[in-house]
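Below is one structure, written out as structure tokens; comments come after it.
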Amino acid sequence: MIDTLPPSMNPDIVDPAVSVVAARIVRLLRQAVDWRQEIDHCLELLGRALYGHRSILFELSEMPDRGFVQSVAAFWVDETVEGIGGAPTIIDEVVVQQDPLMGRIAVEGRKGLMFTGLTRDIEGYLRTEFEARKIKSFVSVPVFAHGHAWGSLAINDCLHQRVWTEEEMAAVEIVAFAIGDAIERSRSEAHVG
């Protein structure tokens, strides 16, 4: 059973503010000289608009002796929620290879597929990790830049088990696309001039 949600999170009510915030984030990232200067603010705006408690931008990179690693490029945490602070976990390729769910998510992420659900419905490494971080509901969207999977954008709800609405998932996708575009522009502009 899904927890009772506050009226502002009623799935039958479409909150236009989510779209407005997504558009505002797109503008901020398009106008930014360097996306890194705006990303913390953007993650907070998105997290709060979605009534989430943690927003994370993960980056995939290859590291000697560790393979591909999912590290944290930036994150925001709602400090008013007790016990959820601290940086998210870095995940090594070994974990992905050993855990069936992590392996499936990696394959699906490279295809551009979203990962969303309730912590109680998953198993393995992620369930243990999510329970330790007090995550009850999650949505994660791949971020693509320069023609490949650069990382992912995740939003966590640490108070409610909830099903994300189409509007909310679309907002996360829009912001993930904007982040990918901003990453591409910052690298390409660095090579111009």
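Side notes on the structure shown:
- Cβ pairs under 8 Å, 6+ apart, first in region 81-93 and within 20 Å of ILE105 (Cβ to Cβ), second open to solvent by less than 40 Å² (accessible area, probe 1.4 Å) and among the hydroxyl-bearing types (Ser, Thr, Tyr): ILE90/SER71
- Qualifying positions in region 151-175 - under 15 Å from the mean Cα position of the chain (by Cα) and part of a helix (DSSP H, G or I): GLU168, MET169, ALA170, ALA171, VAL172, GLU173, ILE174, VAL175
- Restricting attention to region 111-142 and to residues that are farther than 14 Å from ALA154 by Cβ and part of a helix (DSSP H, G or I), the residue that is least open to solvent (accessible area, probe 1.4 Å) turns out to be GLY124.
- Filtering region 87-112 to residues that are at pLDDT 80 or above and polar (S, T, N, Q) leaves only GLN98.
- Candidate set: region 151-167, residues that are among the charged types (D, E, K, R) and open to solvent by 30 Å² or more (accessible area, probe 1.4 Å); chosen: the one farthest from CYS42 (Cα to Cα): GLU166
- Given (1) over 14 Å from the mean Cα position of the chain (by Cα); (2) modelled with pLDDT under 90; (3) open to solvent by 30 Å² or more (accessible area, probe 1.4 Å), index of the condition HIS148 fails: (2)
Results for (1) open to solvent by less than 60 Å² (accessible area, probe 1.4 Å); (2) in a strand (DSSP E or B); (3) polar (S, T, N, Q); (4) farther than 21 Å from SER137 by Cβ, shown as yes or no for each residue.
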{"position": "ARG48", "(1), (2), (3), (4)": "no, no, no, no"}
{"position": "PHE75", "(1), (2), (3), (4)": "no, yes, no, no"}
{"position": "GLU79", "(1), (2), (3), (4)": "no, no, no, no"}
{"position": "GLU82", "(1), (2), (3), (4)": "no, no, no, no"}
{"position": "GLY85", "(1), (2), (3), (4)": "yes, no, no, no"}
{"position": "VAL94", "(1), (2), (3), (4)": "no, no, no, yes"}
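The values are calculated or read from the model by the stated rules, or taken from the named source; none is laboratory data. Please read these numbers as outputs of a predicted model, since none were measured by experiment. Cβ coordinates were reconstructed from backbone atoms using ideal geometry, including for glycine residues, and neighbour counts include every protein chain displayed. For the accessible areas, the whole protein counts, side chains as well, though only heavy atoms, and no ligand, DNA or RNA atoms are used. Shrake-Rupley method; radii C 1.70, N 1.55, O 1.52, S 1.80 Å.
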